[in-house]
1. Starting from residues that are exposed (fewer than 13 other Cβ atoms within 10 Å of the Cβ) and among the acidic types (Asp, Glu), keep the ones in the stretch 402-430 and report whichever is nearest to Asp462 (Cα to Cα).
2. For the stretch 501-522, how many residues meet the condition of being in a loop (DSSP other than H, G, I, E, B) and in contact with a helix residue (DSSP H, G or I) (Cβ under 9 Å, 6 or more places away or on another chain)?
3. Which pairs do you get when a residue that is within 13 Å of Ile693 (Cβ to Cβ), found in the stretch 557-568, comes within reach of a residue that is polar (S, T, N, Q), reach meaning Cβ atoms under 8 angstrom, with the pair 6+ apart or on two chains?
4. Just to verify a result, which residue in the stretch 219-274, among those that are assigned to a loop (DSSP other than H, G, I, E, B) and among the basic types (Lys, Arg), is surrounded by the most Cβ atoms within 10 Å (Cβ to Cβ)?
5. Which residue pairs have Cβ atoms closer than 7 Å, lie 6 or more positions apart in sequence or on different chains, and pair a first residue in the stretch 668-680 that is free of Cβ contacts under 8 Å to residues at least 24 places away in the same chain with a second residue that is surrounded by fewer than 24 Cβ atoms within 10 Å (Cβ to Cβ)?
6. Specify which of the listed residues (Ser356, Ser300) is assigned to a strand (DSSP E or B) and either surrounded by fewer than 20 Cβ atoms within 10 Å (Cβ to Cβ) or not assigned by TED's automatic domain parsing to the domain that holds Pro208 (or both).
7. How many of the residues making up the stretch 361-398 are assigned by TED's automatic domain parsing to the domain that holds Arg425, part of a loop (DSSP other than H, G, I, E, B), under 14 Å from Asn427 (Cβ atoms) and not polar (S, T, N, Q)?
8. Please determine whether any residue of the stretch 129-151 is at pLDDT 85 or above and in a loop (DSSP other than H, G, I, E, B).
Amino acid sequence: MPYIKFLCVSVCESWPLPDTEPLMHGVVQSPQYPQPYPPNLQEQWDLSVPEGYQIRLTFTHLDIEASAGCYYDALTVLYDTNILGKFCGHENLADGHHPGNQPILSPGNRLTLMFQSDDNNPERHQNVGFSAQYQAIDMDECSAPEPEDGSGPLCSQICFNTLGSYLCSCHHGYELRADQRSCVLSCGGGIFDETEGHLFSPGYPNPPHHAVSCQYIISVESGFTVVLNFTDNFHIESMDTEQGPNCLHHWLQVTTSDREPMKLCGGKSPGLIVTNSNTVRLDYHTDNEGLSKGWSLDYSTYRVKCPLPGNVAKGRVTPILTEYFYRDYIYVRCDQGYKLMMGGQEVEGFSTMCQSSGQWHLPLPECHIIDCGEPEPLLNGGLTFLSGFQYQYRSVVQYHCNEPFYSLLGGITVVFTCEADRKWRSNSDIVVSPTCIPVCGQPTKLISAYQRIIGGSHAPEDTIPWQVLLNIDGGRGGGMVIGDRWIMTAAHNVMNKGNQVSEETVRIYMGLTDVKTQLDSPVYAASVHVHPEYNNPINVDYNHDIALIKLQDPITFNSSIMPICLPAEGATYITGVMGLVSGFGVTETGGRRILTNKMNYVQLPVVEQETCSKSITSLKKTRDNVPSLSNNMFCAGVPEGGQDSCQGDSGGPYALRDNGRFWAAGIVSWGVDCGKQGTYGVYTRVTNYMDWINKTMQEN
């Protein structure tokens, strides 16, 4: 009995799947697989997948005791009560029934597997049972044959297979019934928003079985126009009159937004209708009395047209087309030298689009000639218009300097043209920006006869325009203008007991020949620069007696204030050449020496250096503290005396004239007794200091 009891338990036992959502795939294996299966088994597996799917069962291994008709041990596959297969044996075995590699496909979404074994298995240590995989496969309901019960196809007109299910649809003019399978005649056509399409009346080309009242709306994107093209086969019942068909009971009405509705009927096709609208409504009406076969049409669209944009003076419109349509763009570019203007404002670029209204979204701009703005002003100069208007494109201006006091650097005639990039450009690659440099050593008036300072004459106005008067701590000295911010003088003028004076104590007067008129308008020093080798604390060593004074503000030159030229390279001092000495120092009047308030001048010759040296050597024999003559000095004067510079003239110019220009050959430095016979005035030799002068002015 125990044996029978075990058999009963085994037969009654089953393996139900959990009550959850059906799986899409899985694995089924015999008990103890891959070990041999036990005897006296009866197992069952109920497989299911979601509705709309079939089950595909594929064996990866099957090894069951073989017998005729699989009588003893077997695996049976069922769909409901239909046996799809009964298997035993193993691969390559003639006896038995093996499924091989062919999968089993269930008709529906469920499948049952039953496995049994008897109590006698001589090869139970070798037969391991089976292993199979199952997978949900989408069922193509639309291709299934019609049911034999006569219920008709799944879908009466159009069937769409979907994943796990299917959908039914209807042809144009029909709609789906509530059963979601069958179709019924309808004409609620809805809205057609594609750019082209095909419409026809219900049942066309056959008349409908009952009265219809249909509405079709074609509505495409704004900016497109709908065109209707009716086919030749057109028939809507009408009453014929002398004026044509009268649409009493049957009609097709075409309605757009900007025109009266148009009723169509009769047996003649309307052909092509351009609606000039992006929305068209078609209303089709018939009653139960008449007979209308209906109509068919193709509709298309084209873009709305915009007017030709026209031309822009001094500009170009692109692209140039014979017609412009909705969404077309045009661009405007100005000719070279012109700029785009919109509403009084300049714009970088311009484009406009043809709108759905058939109008351009922006009006065309204008092209205005560009201007370069006012040219840079030229210090101590100006400009003249040679051609053009104001500062417009291609205007030409010429710079000039305020002559005769300034001249253009390089002497090049400088012409600038307003170019398309709105910049003034020079006719010369060399000249980027013109510069006016002072004219030196060319007074507007010349002294006709040269006299002496000691007992000499007053200098006429504008004849020695480089002469300046220095007032330093109440003491008087001379100097000369060598640049628009530079005065050259003697070092001993700006030294006091071996110390350089403060620039605050220096007053410079220039431009007039009378001291009284000059004292109202001093010019102030920014800095004082004494030659670094000048060393004369007790006034016995005048070597390197040269200094430069930088002015706080630049001078504008005119006929009464002009610079003297600095020595040219290679300038020489030739014995006997007459030079011009000037100053506001001591002069002789009626046998008395007085400090003059007038600028005086004298012409003195260059003295041979050996002659000068002997004169000083002679003086040293009779006097103490007579300074020595160095190669940085030269003498000027006449042996008989009476013509000389004197106290108060120190630092003033000794000017030589060469090629019509006066140049600073010397600086009044020192002497023994003004104008005494056998003595000469001693002057700093400026040519020896050109490197120091240029370096000092460049660095300061």
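1. Glu403
2. Residues meeting the conditions: 3.
3. Every condition considered, the pairs that remain are Pro567/Thr687.
4. Only one residue fits best here, namely Lys268.
5. What qualifies is Asp673/Thr679.
6. Within the list Ser356, Ser300, the selection yields Ser300.
7. Number of matching residues: 1.
8. Within the stretch 129-151, none of the residues are at pLDDT 85 or above and in a loop (DSSP other than H, G, I, E, B).
The values are calculated or read from the model by the stated rules, or taken from the named source; none is laboratory data. For clarity, every value in this text was computed on a predicted model and none was experimentally measured. All Cβ positions, even for glycine, are placed from backbone atoms using ideal geometry, and neighbour counts span all protein chains on display.
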